[in-house]
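The values are calculated or read from the model by the stated rules, or taken from the named source; none is laboratory data. Quantities reported herein were computed from a predicted structural model and do not represent experimental measurements. We place every Cβ from the backbone using ideal geometry, glycine too, and count neighbours over all the protein chains shown.
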Amino acid sequence: MITILCNGESRRLEREMSVEELLASLGLNPETVVVELDGRILSRPDYAVTKLTEGATLELIRFVGGG
Amino acid sequence: MISVNDLSLPYEPGMRVADVVSRVKPGADVVIVNGFPAPPTTLLADGDRCWLIQRGEVPSAAELAHLLYARHTPGVQAVLQQATVGIMGLGGLGSPLAVALARMGVGHLRLADYDVVEPSNLNRQHYFIDQLGQPKTAALRATLARINPYVAVECIDRRLTEADIPACFAGVDVLAECFDDPGMKAAALRVALRELPRVGYVGSSGVAGYGDNNAIRTQRLRARVYLVGDGESAAQPGQGLMASRVGIAAHHQANQVIRLLLGVDEDA
């Protein structure tokens, strides 16, 4: 069990997981989300290979369609 | 002295608008004094600025700039005239945004879209029925030229990708994201944050439907990076894109672009 901070709220995860796995568990399409992990904006390929570890601070910016 | 179009005339007590018209531009139909229309009998005061307009005649770049100075705070126009703004997507957000920026005299616009004008666009986008089938870039360029022919408009008439956004928009002062597709909205912000650190940014998310006006807001994500919308109202069956609410968001974006160009960058 690890704890991360996601958009200012503490969230417990059963295990270390990738950013992409976290987004899937939240029901979010990774294509529509900008991810800042510990102050760094991740590139899209990083989502699958970046592991969330204890104490990670995550900001998710989710987009919806229309313009 | 009285300033009249590009000239200075010595002030004489009792001078009226009609005197200036007969001396400088006898065919003028409309006279603007200090920014407001004035009838021929109006008495002038020393230091007044007059602009004589003949219907159907396009004012010169200098004349138009001076007329815009009169409506905007002094100093604002010089900054806007030097500025370059990029707009990604020329739909319900991007087309009214471009129109607003051209009206305010932003000097350089770089417009990107791959699409053509379709009938369904006319419910909210700034195109005309005689423009159906034209590339949006060309149609909007033509419209902007009818509003302010002195805006330099560059067009990028193809589908943007995350990879080529930096090359297309390096060097703009502010970049506005007006895409429809949520994947491109995310991709644009991601690549702008990573690769365009000196460019101001105004994105968008959540503009569909006819929900609460005031749920549309401008959120500061970080220095010189903003996001406009309610964050939730996706375009989907049962919740279409409508001129009123998309227009609110487009003009939030326009005002935020202007604020960034003028050096204002603060939390609301």
- Query: Hey, any hits in region B:224-234 for a residue that's in contact with a Phe, Trp or Tyr (Cβ under 7 Å, 6 or more places away or on another chain), in a loop (DSSP other than H, G, I, E, B) and within 17 Å of A:G65 (Cβ to Cβ)?
  - Reply: no
- Query: Has region B:211-226 got at least one residue that is touching a strand residue (DSSP E or B) at 6+ places or on another chain (Cβ under 7 Å), farther than 21 Å from B:R159 by Cα and at the interface with another protein chain (Cβ under 8 Å from one of its Cβ atoms)?
  - Reply: yes
- Item | Residues that are out of contact with any strand residue (DSSP E or B) (no Cβ under 7 Å at 6 or more places or on another chain), within 14 Å of chain B (Cβ to nearest Cβ) and of a type in the set (S, T, Y), drawn from region A:1-59 | A:S43
- Is it fair to say A:L22 is in a strand (DSSP E or B), out of contact with any helix residue (DSSP H, G or I) (no Cβ under 7 Å at 6 or more places or on another chain) and surrounded by 14 or more Cβ atoms within 10 Å (Cβ to Cβ)? no
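Please determine whether any residue of region B:186-198 is among the β-branched types (V, I, T) and over 24 Å from A:Y47 (Cβ atoms). Show your work before the answer.
Step one: list which residues in region B:186-198 are among the β-branched types (V, I, T), which gives B:191.
Among the residues that remain, those that are also over 24 Å from A:Y47 (Cβ atoms) are: none.
Scanning region B:186-198 turns up no residue that is among the β-branched types (V, I, T) and over 24 Å from A:Y47 (Cβ atoms).
Restricting attention to region B:192-208, which residues are within 12 Å of another protein chain (Cβ to nearest Cβ) and surrounded by 22 or more Cβ atoms within 10 Å (Cβ to Cβ)? Full working, then the answer.
Looking only at region B:192-208, we keep the residues that are within 12 Å of another protein chain (Cβ to nearest Cβ), and these are B:192-197, B:201, B:203-208.
Once the filter is applied, which keeps residues that are within 12 Å of another protein chain (Cβ to nearest Cβ) and surrounded by 22 or more Cβ atoms within 10 Å (Cβ to Cβ), region B:192-208 yields B:A192, B:Y201, B:G203, B:S204, B:S205, B:G206, B:V207, B:A208.
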- Elements of type helices (runs of 4 or more DSSP H) contained in region B:2-100, each with 1 or more residues being among the charged types (D, E, K, R) and surrounded by fewer than 19 Cβ atoms within 10 Å (Cβ to Cβ): B:17-24, B:61-71
- Query: Does region B:101-113 hold any residues that are crowded, with 24+ Cβ neighbours inside 10 Å and more than 10 Å from the chain's Cα centre (by Cα), and which are they?
  - Reply: B:L111, B:A112, B:D113
- Query: Name the residues in region B:86-110 that are within 14 Å of chain A (Cβ to nearest Cβ) and closer than 13 Å to B:I258 by Cα, would you?
  - Reply: B:L97, B:A98
- Item | Answer from B:A145, B:A170, B:A152 - the residue that is loosely packed, with under 14 Cβ neighbours inside 10 Å, more than 13 Å from every other protein chain (Cβ to nearest Cβ) and at pLDDT below 95 | B:A170
